[in-house]
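Accompanying notes for the structure given below.
The values are calculated or read from the model by the stated rules, or taken from the named source; none is laboratory data. These numbers come from a predicted model, not from an experiment. Neighbour counts are summed over all protein chains in view; Cβ atoms, including those assigned to glycine, are modelled from backbone coordinates with ideal geometry.
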């Protein structure tokens, strides 16, 4: 599974608002700059975030964005599904974007892909913005632990 830029940027923007924990609106430009997101692209994403009811937009000189729901009620899985449509690694194990495969009856790795889909969905569905804000950022060392070097364990 690979996130689209829209999912990535939407999560960054929502987490910035959740971490700010303020009723004061934050400008789209400030969110874009803080998260290294192209401003015009973020403007498009914000329209979708607003339509989904995750953010409120406030006009005026001191306007901007605020979360329109508590951060513990916005789940990572909902955000990614909205922007990417699917959490399954392949169409043959997707419930929403199922694509038949000629090898389904004999495929030996499809079950593993289904488990990956189920585990990914379960983890993202139980992870709220509030939980993500409380987590500390992942370090480079954690990504490149010895068990994952040179493709081992990946």
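For the range 45-68, a residue qualifies if it is within 17 Å of residue 12 (Cα to Cα), in contact with a strand residue (DSSP E or B) (Cβ under 9 Å, 6 or more places away or on another chain) and assigned to a loop (DSSP other than H, G, I, E, B), and the qualifying residues are 54, 68.
Taking the criterion of being in a helix (DSSP H, G or I), touching a helix residue (DSSP H, G or I) at 6+ places or on another chain (Cβ under 6 Å) and closer than 23 Å to residue 124 by Cβ, the residues of the range 16-44 that qualify are 16, 18, 19, 31, 35, 42. Just one of (1) in contact (Cβ under 8 Å) with a residue 40 or more places away in the chain; (2) within 14 Å of the chain's Cα centre (by Cα); (3) part of a loop (DSSP other than H, G, I, E, B) fails for residue 121. It is (3). The listed residues are 113, 65, and the only one of them that is touching a helix residue (DSSP H, G or I) at 6+ places or on another chain (Cβ under 7 Å) and at pLDDT 95 or above turns out to be 65. Considering each residue of the range 97-117 in turn, none proves to be closer than 24 Å to residue 16 by Cα and surrounded by 10 or more Cβ atoms within 10 Å (Cβ to Cβ).
Listed residues 59, 88; which is farther than 19 Å from residue 5 by Cβ and crowded, with 20+ Cβ neighbours inside 10 Å?
Only one candidate qualifies: 88.
Residue pairs whose Cβ atoms lie under 8 Å apart, sitting 6 or more positions apart in sequence or on different chains, and linking a residue in the range 49-71 that is in contact (Cβ under 8 Å) with a residue 12 or more places away in the chain and on the phi > 0 side of the Ramachandran plot to a partner that is exposed (fewer than 15 other Cβ atoms within 10 Å of the Cβ) and part of a strand (DSSP E or B), are 64/58.
A count restricted to the range 95-118 and to residues that are under 18 Å from the mean Cα position of the chain (by Cα) and in a loop (DSSP other than H, G, I, E, B) stands at 1. Per this entry, residue 28 is counted among residues that are surrounded by 14 or more Cβ atoms within 10 Å (Cβ to Cβ) and over 19 Å from residue 128 (Cβ atoms).
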